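This report refers to the structure that appears directly beneath it.
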Amino acid sequence: MHMRTLYFKVIRNSLLELVDEGRDGIRMVGVITSKGVEILKGDEREILIGFTEILKEENPQRFVGFKQDYEDWPVLVSKSKAHGIDLKSALGAGMKITGKYFRGIILRRVLIPSRENIDLFAIAWRDFPRLPTKEIDELADALGIEFHRIPQYRLARMSDRDVENYLRKYLNVLKKIAEEVVPFEEGISKISGIPMDEQIRLTVGEIIDHLVSEEMRKRGIDRIHMGGKRSYTGGYVWLKAPGVYEDVVYIDFQSMYPSIIKVWNISPETVDSVGEEVEVEGVKCRVRRDTRGVIPGLIDRFLSRRLKIKDEIKKNYDRKKDAEQRALKVLANAMYGYMGWEGARYYNIKAAEVIAALARHYIKEVKKKIEEMGGEVIYIDTDGIQFTGANAEEVVRRINGELPLNIEIERIVDRAVYYAKKKYAHLHNGKVDVTGLECVRKDYPPLVKRAQREILEALLGGDADRAREIRTKYRKEILQREAEVDDLAIVEQLTKKIDEYAKPTKASVAARIIKEKFGLEPHRGSNLYVVVVKGSGGPTHRARPVEIVKREDIDWAYYLKVYDDVIKRTFAPFGVPVERRWF
């Protein structure tokens, strides 16, 4: 069934990235309705009246935006109240704002009864963990959608015509992103029974908790908490040697964990009770085999349903069904982590520990079999094994046939470079996929990250001359002081209240300045964009909010050193001669 959907975005009158709903004005509101794109601009009161009229006329069942829970709804509510405009009647209900602090960020939820409020930022935060800042341009790029996000302080200085053009692009990108990710989220909701606007704001662990709790209560088990709060040995990480390798096969181990759970019947209620003794990799426990465990039972159901859907879509492709089978795979793979999560209602640290031990055992067996088949294993971690020299399909066939596992080929890459454990890059289908390097971290300037990625693309593509040209081009932007201010801004997260910092950090220094200069205190979990300026003291003490920095304030020598250090490290494994004059 097609849902009446309204895509929307508010452009504020403010210099700051942080929202102050009491003081920020509304410059424009953009919407996509059943009639197409519409831009509301001009007088703030007229904009709000126009927005409420659209709400009444369209009567949307679903709202879609990006960070609307943090930015758009609070401003719309505040300004409607200030102008005496009845937004509540236009929505047909009141609005409730809730939130929780988790993993360094406040997850907000705006609840509108009888309507779905889908904040795509919540999806980026949970389902795209490798995105550095989780901003809309990063999410778009991860989905193959081209978009350049303009920060608020630059929007504030742009003409109305340019802002309107940007807003139109933004709305179209918003819709494209939703078309890509919403079917998957609908699949998660269908499987879990949790409404979509609620489940996108839950962690995967909380969704699994809901599923497991339903099954446990059917068996009369209210809660399990075994093993106490302690750590255990997790995944096995190994790197043969840093360097560049050709034709690397990457086998995915994610599906290995459900296989182990199924075969060994591991579940919170089956481990460390009467049963068969298991000893592996120095871990001992007992596992019941007489009754099927709740979690193995759920995995049986998910994977059986997934195989059925995959057979169906081979005959007749259906996008929603494809999204559902991907959702089934994700939830099955997440079962392992659930048992060792302290927030789980059914927590059993021994169950998680024995799964990890079995995984290490089987990973070493996989490595041995690859080497027996003439392969050279390059890298191993929790997610997979990477090797060269052996036929990928034969390896998978043999492993799945001889071991109680179900592993899959993730990808075969043309060329790969390894720097250290958890730091490598793959060239695959003309695109570079990066793990752990500076270009996928938020605490490095965009200019440095862009340079590193382009250099990696050139080096992995075998074009050393092009890599040198790229290195020189971006270095000149710093050396000649041509770089834009926001191209040098790094993202620092405020993890505590300002006054709780015993030692200053770049985030706390910038937050204090924002509070003193603008009267707005950034909340815990805020991402602040900061630039290092000239002056006395170390870089931490010279961190300033990007909104107040001018090009002449910048400590160009600091950025030149950061750039040179990163680019030197990037070139190192390739053995490409480096001329001193380039640094």
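Computed from the coordinates by the stated procedures, all read-outs in this text should not be read as laboratory data. Keep in mind it's a predicted model, so treat the numbers as computed, not measured. Positions of Cβ are backbone-derived with ideal geometry, glycine not excepted, and every protein chain shown enters the neighbour counts.
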Excluding Lys497 itself, what net charge comes from residues whose Cβ is under 14 Å from its Cβ, given Lys and Arg +1 and Asp and Glu -1?
+1
Whose amide H sits under 5 Å from the amide H of Ile26, counting only residues 5 or more places off or on another chain, with H placed in the peptide plane?
Asn13
Given unit charges at Cβ for Lys, Arg (+) and Asp, Glu (-), the dipole magnitude of the chain about its Cα centre in debye, nearest 20, is 780 debye
In order through region 112-118: 3J(HN,Hα) via Karplus (6.51 cos²θ - 1.76 cosθ + 1.60), integer Hz, x for Gly, Pro:
10, x, 6, 9, 8, 10, 9
When the helices in the chain are scored as -39500 (n - 2.57) per DSSP H run of 4 or longer and the sum is shared across all residues, what 222 nm value do you end up with, to the nearest 500 deg cm²/dmol?
-13500 deg cm²/dmol
Given H placed on each backbone N at 1.01 Å, which residues far from Ser526 in sequence or on other chains put an amide H within less than 5 Å of it?
Leu494
Could you order the peptides 547-560, 478-491 from most to least packed, using the average number of other C-beta atoms within 10 Å per residue?
478-491, 547-560
Packing-wise, with mean Cβ within 10 Å as the measure, how do 294-307, 330-343 rank, highest first?
330-343, 294-307
Radius 14 Å from Cβ of Val29, net charge of other residues (Lys, Arg +1; Asp, Glu -1)
-4
Using a Förster radius of 22 Å, what is the FRET efficiency between Arg45 and Asp20 based on their Cβ-Cβ separation? Nearest 0.05, please.
0.70
Counting only residues 5 or more apart in sequence or on a different chain, those whose built amide H sits under 5 Å from that of Gly384 are Phe253
Given charges at Cβ of Lys, Arg, Asp, Glu: region 218-330 dipole, positive-most of Gly220, Gly297, Leu239
Gly220
About the Cα centre, charge dipole magnitude for region 455-503 (Lys/Arg +1, Asp/Glu -1 at Cβ), debye
240 debye
Relative packing of 344-354, 317-327, which averages over residues the other C-beta atoms within 10 Å, highest first:
344-354, 317-327
Long pairs among Lys9/Lys88; Lys190/Lys308; Lys364/Lys449, criterion Cα-Cα beyond 24 Å:
Lys364/Lys449
By how many nm would the segment from Lys473 to Ser159 lengthen if fully extended, with 0.36 nm per residue of separation less the alpha-carbon distance?
110.0 nm
Hey, rough spin-label estimate for Glu180 and Thr291, points 7 angstrom out along Cα→Cβ, what's it come to in nanometres?
4.6 nm
At a Förster distance of 35 Å, what's the computed FRET efficiency of Tyr232 paired with Glu516, Cβ-Cβ distance as r, to 0.05?
0.15
Taking the Cα-to-Cβ direction at Leu143 and at Lys310 and moving 7 Å from each Cα, how far apart do the two end points lie in nm?
2.5 nm
Rounded, prolate or oblate, given the Cα gyration tensor of the chain, with a/c below 1.5 counting as rounded?
oblate
Note on region 355-420: alpha-carbon gyration tensor, axes a ≥ b ≥ c; rule is a/c under 1.5 for rounded, else prolate if a/b larger than b/c, else oblate; result oblate
Roughly how many nanometres apart are two label points built 7 Å out from the Cα toward the Cβ at Leu111 and Glu281?
4.1 nm
Rounded, prolate or oblate: which one fits region 489-553, using the alpha carbon gyration tensor with axes a ≥ b ≥ c (rounded when a/c is under 1.5, else prolate when a/b beats b/c, else oblate)?
prolate
